[in-house]
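Report on the structure given below.
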Amino acid sequence: TAAILVRECYDQMSEGVALAAPTGKAAANLRSRLGDLAEKCTITTLHRLLSQKKTLPFDLIVVDEGSMIDAELMARLLGAIKEGARLILLGDKDQLPPVESGNFFADLANHEKAYVAELKCCQRTDLQEIIQMAASVQRGERISIQPLPDVQRVVEMIAAKKPWEKSRPFCALTPLRRGLYGVDHLNALLYQKCSKGRPVPILITANDPKLELFNGDIGWLEDERATFSDGRTFPAFLLPRYEYAYLLSVHKSQGSEYDEVMILLPEGAEKLGREMLYTAITRARKKVTVLGSEETVIEVVRRRAVRYSGFSGV
C-alpha cells in the first residue's frame, strides 16, 4: 500500500518524500517494499524522523502502523509538518490501541469528516485460513484453538523453531508481561536453553537518539557486540535498556510480520480483548497457531478495548 502511494505521488513532490513507522522493524518493512524507489526517499522510524529537525522539510510524509501512535507522539508529528505538506497515515483501526494515551488513529478512521480509504483485501497473506480467523475475531466469534501445554513444553516448542535465527521466520507471542506464560519468564527460560553458542535476540526498550536506537528495534547479541537489522553493530555495554526477544509480547510485535506465528493465551489474557488477538493473528503470513483454553478464548473475543483520545467528538 505504501509503495503504491509513494510511486503515484513521488514525481509531484519537489521537496521529497519521507516514510516513517513507530518501530525499526516496521520501517525496515517499508524499505523492502519500495524496491529501487527506497534510495530516493527518507525511510526511518518516527522517533528518528522527529529528532532531526523542528520543522520537517518534506512535501509528503507517509506514516505506517498508525494505530501504534499515541496522542503525544501524534501531536509532535502534526507540529513538525511544514505548511502545505501532505500527511498520509496507514494502519489498521482494529489492532491494539497504543501503549500510552489515546487511540487517535481509530478515532480518526471512524470520524465522519475524515478522508479515509479502506482496503478491502488482505495484502500480507492470501491464506484464507488466516484471513477468516482474523475476521471471526473481529466479529466476536469463536476460533479454532489447541490446548495450552505446560510451560516447559511451550519452551521446547519455541526452541525447536530456532527463534535466534536472524531471518526470524517464526515468532511466538504472549499478551502478558508477568506470570508463568509472561514474556519475562519465558524469555528467561529460553535464554537458559538456547543462548550457549548462538546469537541472543534482543529488543531495545528505551530510546537513545545519539546511537539512533529506539524502543522496538530488534538486534542480536554475539561475542559482546549487538548487530541490528540495518547492519549497524555496537558494543553491548553501549546499548540502551533491552530485553531478550526469543518471544515477544503482542504489543511489541506490532509493525512486524512472520511466516509462522504461535499465540499463547493463558489465563489473564481475556482482560485485553479481541484487539489483542486480532493483532497477534494478523502478524502471520503462512501459519498461525493459537494455544489456550476455550473459556479464555471466548472471553477474549467477547471483550473490546475502550480508549478515549478526546478527538472523536471534534
Long pairs among LYS54/LYS271; LYS54/LYS286; LYS40/LYS196; LYS25/LYS271; LYS82/LYS271, criterion Cα-Cα beyond 32 Å: LYS54/LYS271; LYS54/LYS286; LYS40/LYS196; LYS82/LYS271
Segment GLU260-SER167, length gained on full extension (0.36 nm per residue, minus Cα span): 32.3 nm
Percent relative contact order for the stretch 124-277, counting Cα pairs under 8 Å at least six residues apart, stands at 29 percent
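How big is the antiparallel share of DSSP beta bridges in the chain, given as a percent to the nearest 5? Show your work: numbers first, answer last.
Working: 15 of 43 bridges.
Looking only at bridges with both residues in the chain, the antiparallel portion is about 35 percent.
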Karplus couplings for the stretch 54-61 from phi (6.51 cos²θ - 1.76 cosθ + 1.60, θ = phi - 60°), rounded to Hz, Gly and Pro as x? 5, 10, 6, x, 7, 7, 9, 10
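Give a quick list of trypsin sites (Lys or Arg not before Pro) in the stretch 32-105 that DSSP marks as loop, anything other than H, G, I, E or B, with at most 11 other Cβ atoms within 10 Å. Could you put the intermediate results ahead of the total?
Numbers: sites: ARG33, LYS40, ARG48, LYS53, LYS54, ARG76, LYS82, ARG86, LYS93; in loops: LYS53, LYS54, LYS82, LYS93.
Filter output for the stretch 32-105: LYS53, LYS54.
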Please order GLU294, GLU267, GLU83 by the number of other Cβ within 10 Å, starting at the fewest. GLU83, GLU294, GLU267
Relative to the present Cα-Cα distance, how much length would full extension add between VAL151 and ASP208 at 0.36 nm per residue of separation? 17.1 nm
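Can you give the FRET efficiency to the nearest 0.05 for GLU267 and GLU224, using r as the Cβ-Cβ distance and R₀ = 51 Å? Mind dumping the intermediate values first?
Working: r = 39 Å, r/R0 = 0.77.
Once rounded, the FRET efficiency stands at 0.85.
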Show me, for the stretch 280-295, the HN-Hα J-couplings you get by feeding each phi into the Karplus relation (A = 6.51, B = -1.76, C = 1.60, θ = phi - 60°), rounded to Hz, glycine and proline as x. 5, 4, 7, 7, 8, 9, 10, 8, 9, 10, 10, 10, x, 9, 4, 4
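Evaluate the relative contact order of the chain (contact order divided by residue number), counting alpha-carbon pairs under 8 angstrom at least 6 apart; express in whole percent.
Values: 593 pairs, mean separation 62.6, N = 314.
Relative CO of the chain lands at 20 percent.
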The simple spin-label model distance between ILE131 and LEU37, using points 7 Å out along Cα→Cβ, in nm, is 2.3 nm
Hz values of 3J(HN,Hα) by residue in the stretch 204-221 - Karplus curve (6.51, -1.76, 1.60), Gly and Pro given as x: 5, 10, 9, 7, 9, x, 5, 8, 6, 10, 9, 3, x, 5, 9, x, 9, 8
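Only the coordinates and a few stated rules stand behind these numbers; no lab work does. In this text, all values refer to a predicted model and were calculated from it rather than measured experimentally. So basically every Cβ, Gly included, is an ideal-geometry build from the backbone, and we count neighbours across all protein chains shown.
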